[in-house]
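Accompanying notes for the structure given below.
Rule-based calculations on the coordinates, nothing more; no lab input. Since the structure is predicted, the reported quantities are computational estimates derived from the model, not experimental observations. No Cβ is skipped: glycine too gets one built from the backbone with ideal geometry, and neighbour counts run over all protein chains shown.
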Amino acid sequence: MEALGRIGVKGIAQWAYNKVTVPENAASRAIILTSGGYRSHTSRGYQQMASDRRAALAALLHENRRFPLDAYLFVAESLRYAQEVLGMGRVSPFRPGMGEPERHVTGQELCEAVRLYAMEQFGLLARLVLAHWGIRSTSDIGDVVYDLIAIGEMKKSDTDRREDFDDVFDFEEAFDRQYEIVVPQLR
């Protein structure tokens, strides 16, 4: 335990982040986040759009140093986790010419998805890793989301509000006290 004291919280969070098993498609999803996910990856239009989106994200990181890139990528990946793995969100109506219907996730649902995804990825260190990225409350998740909305990397509906993310749950309670270790039964 003394060795952990010398490492400090920042060192523990960095160790946990380095030890996490990154899904094989996470890197490509991060690129899609900053590139728009266009189908023709070789077209000149795509390259310009990708460049514009990377520039918008770089400008955001330069102007707002509160959250590192990892925080933005993790929240964006948590949205995908909410929609594709947890099946959260209501399906938006299909509109011709607008691509496939999307699943709209509420602020409360996204907060829960961030919690579940962080616990799946980082276990007992989830709260420390998120804190290392500046995410210490559900309000911080909302700030990350609205930063991504501002640069066009996430969308919101007419009924979504920034306040939807406030006080969804207490981080200490949700990550520390409610954490459950499941031991497999031996036969």
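Rounded to the nearest 0.05, what FRET efficiency do residue 90 and residue 178 give with R0 = 25 Å and r taken as the Cβ-Cβ distance? Could you check?
Efficiency, from the Cβ-Cβ distance: 0.40.
By other beta-carbon atoms within 10 Å, ranking 146, 81, 179, 72 with the fewest at the front produces 179, 146, 81, 72.
Reported to two decimal places, what Rg/Rh ratio describes region 108-149 when computed on Cα atoms with Rh from the Kirkwood expression?
Values: Rg = 10.0 Å, Rh = 10.4 Å.
Value, to two decimals: 0.96.
Counting every other Cβ atom within 10 Å of each residue's Cβ, 169, 175, 74 order from fewest to most as 169, 175, 74. Applying 1/(1 + (r/R0)^6) with r as the Cβ-Cβ distance of residue 155 and residue 120 and R0 = 25 angstrom yields a FRET efficiency of 0.50.
Which ordering of 91, 114, 168, 183 is given by a fewest-first count of other beta-carbon atoms within 10 Å?
Numbers: 91 11, 114 27, 168 21, 183 5.
Final ranking by Cβ density, sparse to dense: 183, 91, 168, 114.
Placing R0 at 45 angstrom, the Cβ-Cβ distance between residue 56 and residue 186 gives a FRET efficiency of 0.30 after rounding to 0.05.
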